[in-house]
Every structure is written in C-alpha cells, then in structure tokens.
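Asks: Structure below; questions to follow.
The values are calculated or read from the model by the stated rules, or taken from the named source; none is laboratory data. This one's a predicted model, so the numbers in the text were calculated from it and none came from an experiment. In this analysis, Cβ positions are derived from the backbone assuming ideal geometry, glycine residues included, and neighbour counts consider all displayed protein chains. Accessible surface is based on the protein model in full, side chains and every heavy atom, while ligands, DNA and RNA are left aside. Shrake-Rupley method; radii C 1.70, N 1.55, O 1.52, S 1.80 Å.
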Amino acid sequence: AVGDAYRAWLRYAPLLPDQAKEYAPWCGKIVVASSGTAPLLAPAVEELAAGLGSMLGREPRRGQAADGEGCLVVGTLDSAELQGVADDAEAKALGDEGYVLRTVDEPGRRFIAIAGRTDRGALYGAFHFLRLLQTGRPIADLRIAEKPSGKIRMIDHWDNMDGSIERGYAGESVFFREGRFLEDPEDRKRLRDYARLMAAVGLNAVAINNVNVHEIETKLITPELLPSVAKAADVFREYGIRLYLSINFASPIEIGGLSTADPLDPEVKRWWAERAADAYRHVPDFGGFLVKADSEFRPGPFTYGRDHADGANMLAEALEPYGGIAIWRCFVYDCLQDWRDRTTDRARAAYDHFRPLDGKFRDNVILQIKNGPMDFQVREPVSPLIGGMRHTNQLLELQITQEYTGQQRHLCYLVPQWKEILDFDTHALGEGSTAAKAATGELFGRPLGGFAAVANIGSDLNWTGHLLAQANYYGYGRLTWSPELTSEQITDEWARISFGHDPVVIGTIKRMLLESWSIYESYTSPLGIGWMVNPGHHYGPNVDGYEYSKWGTYHFADSKGIGVDRTVATGTGFAGQYHDVPAARYELPESCPDELLLFFHHVPYRHRLKSGKTVIQHIYDSHFEGTEKAEELVKAWRSLEGKIDEERYESVLDRLQLQAAHAAEWRDVINTYFYRKTGIPDEHDRKIY
Ligand code: GCW
C-alpha cells in the first residue's frame, strides 16, 4: 500500500476545484524542447505528467510545438521553442544547474517555460514548478530564475551491507541486505522513488555506504561488486545524482595484497589509480571517494608518519583523470583520552589537525567538516574550521539522522538549528562571512564546495520512522539549494505539500515543528553542555554517561559548578580558534550567549545568565517547562484528529506520546542529579526526587 506517508513530498494531492481551474489552462499539454541529447528531460516530463495528472485529475498530453494554446515547454534554452525566453546574460547566470520558470503570454505564444541551460536545470525547474502547484502559488505571471548555492549537495548513508544502518532509526538499508545489493524490481522501484525524492529537493550526490567501512564494504571498489554499484548508479543517474563510495584507507593491504597503505608508496598509488580506473569503467560518472581516516579506529596516513594532505591528495590524484573528487572527513580527534587529563580538548581537534594543512590539498579534494567541533549535539557552536581555511575546499556536514536529537522517536525539527549554523558569521573576511558562504566556496572563491548530511531514511514505509522527520530531509535539501530560505518558508512548504491547505492544520503543524528543537533542547542537556546521554546508543538521559570515559566529552559538574573552560585566558584555548569577533564574544561569560555558556565556561551554579536566572534555576525551569511543552505537542496533534488521514495521524500520535513520557524521564533524571549534586532547592518548590 503506497500511501501519502511513502509518497512524502511527491504525494501530489488533488487540488481544490478553483485552484485546479487556475492552473489547468497551462497544464493540458507538455512540449519537450531541446537541441541535443538531454537525458534528464525524460524524468522531468514523466514527473510533470504524473504530478499534474494526480493534482489536476487529468494527465497532460505530450505535444510537439507550442501552438498558441497554453502549455508547458520543458527543455533547454538553446532549443528553437525556447528562443528569447532568457537573454544571454540571464542564461549564463544560471550555470549548469539553474533554471527559469517563465510565463510567456504573447499573441501566438502562450506557454510556461521550464528551462535550463542544461537538461539538469530543466529537471530541477520541473520540480520547482510542481512545488508551486503543491503549495498553491500563482503561475499566471512567473518570472523565476534560480540556481543552487552549493555545487555539491550530498547525502551520506551510513549503511552497511548486512542491511543495518549505523545510527539509523527508520528500519534497514534501502541499498543492502545480508551482504548483497537489493536488486529485485521492487527494491529498484524504491531506490528510484528515493532518487526522485532527492532530486525534488535539489540533491545531486549520494554516498551509499557507511564511512566506517567494514570487511565486505571494502570490496565495493572491486570488480566483484562494482557491477552492482553500477546498477545503483544507473538509478541515481536518471535523476542527475552522482554516486560516491566510502573507502577503507587500508584497502591496499586488506584486499590488494600489498604490505603497506602508505600514501606516498608508488605501489600504493598505482593500486588506487587502478581502483579509480575500475570504478569509472563501471560507473562513468562516478563521484569519487569519501574517507574517514585516522578517526575512531579507522586506518589512515598517520600509521606511516604521513598527514591528511598526503592521504587525501593520493586518492585525489587517482580520481583526477576522470573528474572525480576525494572527500576527506575532518572528524579526527583522540578517542582514547584520559578523563583525568584536563588540558586536551576534543573541541580543538579538527582545527588543530587541519588548519595547518590549509593550501596543501589538491583542487579535487574537499574537506568535509561537521557543523560543530564535537559531534552533532543538540547545541554546539559552529566549528571554527568552517571559514578557517582559505585555500581548501569545504563541505559542511550536518546530521539529519537524529542520533543525539531523539532518534526519530522524539520530534526534533532541525531546520532552525541548521539555519543558525548557516547564518553564523565567521567574520573570516569581516562581517557577512557566513558559514554558508564558507561552505559553498563563495567566500574564498573556491572551485568546489557545498553540503553533506547523514541520511535519516531507511526501509520503513514512511522512510523516516517518525513521519514528521521527513521535514528534516526535505528541509536539508532545500537549504543546500537556497541557504537564505527561512525556517518559516521551508516549514510552510513542507506542511502544505504534506498536509494540504487547511489553515488550522498547517498552522498547528508548523508551530509544532518550529518549536520542537527548542523543546528537545530544554528537557535534555542545558546551555550547550551536551553528552548527557547513555553511552553507545546515545538515547536517553545519563548525566555521567560519558564523564569518566575515553571519548573527550566531559561536563566537569561538581558540587560548585559545571561547564568546560575553553577560553584562551584560563582554559583550553578553543575560543581562540575563531576569527576576532566570535572569538571575543565566546571568551567572556558576559558576552557568551546563554545557550552556549557551559560549552565555553565553567561557572558556579548561582552564576546569573543574561535571562536573569541562575544556572541551576535555568536547569530546573527548562526541564519542567520542556516536559510540559512535550505534553502540549501531544495535545496540539490531538486537536487535528479527523483532519488528517488516520494512518499518518496515529503513527505520529504514538511517537509524540512516547516522547512526552520520555521527556519526563529526562526531566527527573537531570533535575535530580543537579539537586543532589548542589543541594540548591528549586525556587518554585516543584517535585524533584
Ligand atoms: O557521531 C559519531 C557516531 C558514529 C559515527 C561517527 C562519524 C559513522 O556515533 O556512529 O560513525 O560519529 O561521524 O564518523
């Protein structure tokens, strides 16, 4: 049963009659217009036909040429039919992926152009056009021109070939099962639907296997498995998406029969060059390699006394003849730290490792940098490495899968968090040097850049486990295309596309989504401290879960105070890794924003926040209030009963109830811990155990 939950943002619900009436005159016929081969026009037309058929109740005809009757012309700007739709300068500005949507209403020429300089642009334009109808926008006078902000708009899957997904909360892999590729026709269909969902939000790159590359996955780059990789790549190519593979740095030893994986060894170089050649023989548009090296026990160049630039450049050189890219992750830190050692600060690690290498990487290397200096916590400052390197391509890595944000059992809509990250002013080149511009390469004029994020999808019929977590995937895609979109805009789009136009339904769902990150933050870890979770699986409260561990993730709570002194003056010096303005802001407790106070400072529990509350009272209040708000989410959703189809209604209700109960667990564990530690009573005398 393929229902609305499965169709997600391509559900194309039938439109109300007066809306349909407004759109129908333009949508009776589709004309395809191109001067050369344009493979991505086929899926564009297919999507338009299916989408319009479903929304308007009548599939458009396919026509030859515009004949004065309103229609859609989909194609490339160099075609005869689309002459003059955009002038040369406009066309040039679109780049390889942009498009125009234009209503042409002249005597003898009445059509809406959905046109790119390339067929890829036209495909994205088709999805945009469909979105206009899905969200009820006017089309009679379109003058839209768009192009993506990031060149690389990528999804990373942490899928293993046994079918499991590292940090996956929505079933099993859609790529693999029991050591093999899923290749049955239904699996293929699902993969194709997935590619459609990706392309609909402008994503153009996918890494299909976990960055922790285990034994079988190491062989993905060999002729044994490349034919299957190629079949998956065929599906994604149909939608303009390039496939990447995560590789094991020790492959030359593990599967190549060499005695070393030293990146400067000529044999090793030759071996990787052969692997790249194999990959491109099977997948002509192969994207390249994604690498987690010298990180959390994964092998890397350190073993041979080499650095990350040696490692990344060696792979980049192998890929270079084919236009491939080596994406090298910066999630490098000491994961065998002694908790007694107060001088080592994990937050510093990425910058300390990579900043000195700025300028040493080849042009087809991209460093993939997690948004925060630690690891996808509910609240972190932006990594100082973003905007910290002028001569190195960057990809900003986000986590859609909710590892530390409720594991898709809790509602935690991350678009507002990502917006804060993207809008963060690094001050790398003075005011306005946002993290988004650093990531896309715009800031320093880099040839490559963009965004990557860890997927939250799996084999669950609704893709994301929690139905409302679809909004996170959708929102990520939209932001990679247009980082300047507001949370409000994206949320409005998603809610309308998913649930129609009833203002009560839309208003309620939007409010729920937009408040959810802040609600989750308030009943989990306070003031930027992070890590108060159960070790290993990372679900649920455990204040000291990581306090005496080797992972470098401490809060240092004692009876007097809490927080990590990361100042230059008296702490680890991490605050000094930022450019002048943010560095100064974080250095002093007076200027450090409340929500990051404990990330940068160790303070007494009676320290007064800018909000006027003491730290301890803030902890109590936020946990009581957050839990109440989690209950209100249940009430808000219940108010929609009967206004949403039962299947989606019930599945979300279940999770919200679970969340409310679990929020109470968080509240009581955290409040009790700090009450016992400090002996300071709650000003409002509420129940603490
Ligand atoms: O957040 C941590 C996760 C690991 C993950 C690692 C990484 C893929 O707990 O599961 O490994 O980050 O990003 O490499």
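Asks: Could you tally the net charge around Pro185, taking each other residue with its Cβ under 13 Å from the Cβ of Pro185, Lys/Arg +1 and Asp/Glu -1?
Replies: Taking every Cβ under 13 Å from that of Pro185, the sum is 0.
Asks: Quick one: which residues, 5+ away or cross-chain, put their amide H under 5 Å from the amide H of Val104? H built at 1.01 Å from N.
Replies: Phe111, Ile112, Ala113
Asks: Let me ask something additional. Using only the alpha carbons of region 252-410, determine the length spanned along each of the three principal axes and report them from longest to shortest in whole angstroms.
Replies: 44, 34, 33
Asks: Oh, and also: Within region 62-191, what whole-number % of the accessible surface is contributed by carbon and sulfur, with the 1.4 Å probe and all protein chains included in the calculation?
Replies: Details: 2470 of 5390 Å².
Answer for region 62-191: carbon and sulfur cover 46 percent of the accessible area.
Asks: Within the set of other residues whose C-beta is less than 10 Å from the C-beta of Glu484, count the net charge using Lys and Arg as +1 and Asp and Glu as -1. Numbers along the way, then the final one.
Replies: Details: positive: Lys419; negative: Asp423.
Net charge around Glu484: 0.
Asks: How big is the chain by Rg and Dmax over its Cα atoms, in Å?
Replies: 25.7, 82
Asks: Next question. I want to check the label-to-label distance for Glu632 and Arg58. Put each point 7 Å from Cα in the C-beta direction and report it in nm to one decimal.
Replies: So the label points at Glu632 and Arg58 sit 4.8 nm apart.
Asks: For the chain, what is the charge dipole size about the Cα centre, in debye to the nearest 20, if Lys and Arg each add +1 at the Cβ and Asp and Glu each add -1 at the Cβ?
Replies: 440
Asks: If you don't mind, another one. Restricting to the chain, compute how many DSSP beta bridges are antiparallel as a %, nearest 5.
Replies: Numbers: 19 of 68 bridges.
Counting DSSP beta bridges with both partners in the chain, the antiparallel share is about 30 percent.
Asks: Count neighbours as other Cβ atoms within 10 Å of each site's Cβ, and list the chymotrypsin sites (Phe, Trp or Tyr not before Pro) in region 472-556 that are DSSP loop with at most 15 such neighbours. Please list the in-between numbers first.
Replies: Numbers: sites: Tyr473, Tyr474, Tyr476, Trp481, Trp494, Phe499, Trp517, Tyr520, Tyr523, Trp531, Tyr539, Tyr546, Tyr548, Trp551, Tyr554, Phe556; in loops: Trp531, Tyr539, Tyr546, Tyr548, Trp551, Tyr554, Phe556.
Filter output for region 472-556: Tyr548, Phe556.
Asks: Further question: For the chain, what is the accessible area per residue in Å², given a 1.4 Å probe and the full set of protein chains? Walk me through the intermediate numbers first.
Replies: On the way: 25000 Å² over 689 residues.
Per-residue accessible area for the chain comes out at 36 Å².
Asks: I would also like to ask the following. Using the Cα atoms of region 149-194, I'd like the radius of gyration and the largest Cα-Cα distance, Dmax, both in angstrom.
Replies: For region 149-194, the Cα-based Rg and Dmax read 12.2, 38 Å.
Asks: Right, something else. Roughly speaking, what is the stretch gain from Asp341 to Ser639, that is 0.36 nm per residue apart minus the C-alpha to C-alpha distance, in nm to one decimal?
Replies: Extra length from Asp341 to Ser639 when fully extended: 102.1 nm.
Asks: Need the full-extension length gain, Glu646 to Ala13, defined as separation in residues times 0.36 nm minus the C-alpha distance. One decimal, nm.
Replies: 226.3 nm
Asks: Where the centroid of each part is defined by its Cα atoms, how far is region 65-81 from region 387-455 in Å?
Replies: 38
Asks: Okay, next question. Based on the Cβ-Cβ distance from Asp96 to Ala42, what FRET efficiency comes out when R0 is 22 Å, to the nearest 0.05?
Replies: The value I calculate is 0.75.
Asks: Right, another one. Note the full-extension length gain between Asp544 and Arg511 as 0.36 nm times their separation in residues minus their Cα-Cα distance, in nm to one decimal.
Replies: Working it through step by step, the gained length comes to 8.5 nm.
Asks: Could I ask something else about it? Determine the alpha carbon to alpha carbon distance for each of Lys510/Lys635; Lys219/Lys292; Lys419/Lys635; Lys510/Lys629; Lys560/Lys677 and list only those over 18 Å.
Replies: Values: Lys510/Lys635 14 Å; Lys219/Lys292 16 Å; Lys419/Lys635 27 Å; Lys510/Lys629 15 Å; Lys560/Lys677 8 Å.
Over 18 Å Cα-Cα: Lys419/Lys635.
Asks: At 222 nm, what helix-only mean residue ellipticity would the chain give, in deg cm²/dmol to the nearest 500, using -39500 (n - 2.57) for each DSSP H run of four or more?
Replies: Calculated from helices alone, the mean residue ellipticity at 222 nm is -11000 deg cm²/dmol.
Asks: While we're on this one: How far apart, in nm, are the 7 Å Cα→Cβ label points at Ala80 and Asp594?
Replies: 6.8
Asks: Would you mind computing, in nm to one decimal, how far apart the modelled labels at Val2 and Ala49 are, each placed 7 Å from Cα along Cα→Cβ?
Replies: 1.5
Asks: On to the next question. Please report, in Å, the Rg and the Dmax of region 465-600, where both are computed over Cα atoms only.
Replies: 19.0, 55
Asks: Same structure, new question: Loop only by DSSP, 16 or fewer other Cβ within 10 Å of the Cβ. Give me the GluC sites (Glu not before Pro) in region 435-534 that pass, ordered by residue number.
Replies: Listed in order of number, the matching sites are Glu442, Glu484.
Asks: If you don't mind, there's one more thing I want to ask. How charged is the neighbourhood of Ile144? Take every other residue with its Cβ under 13 Å from the Cβ of Ile144, and add Lys/Arg as +1 and Asp/Glu as -1.
Replies: Neighbour charge sum, excluding Ile144 itself: +2.
Asks: Out of region 1-98, which trypsin sites (Lys or Arg not before Pro) are coil in DSSP terms and have no more than 15 other C-beta atoms within 10 Å?
Replies: Passing both the DSSP loop test and the Cβ count: Arg58.
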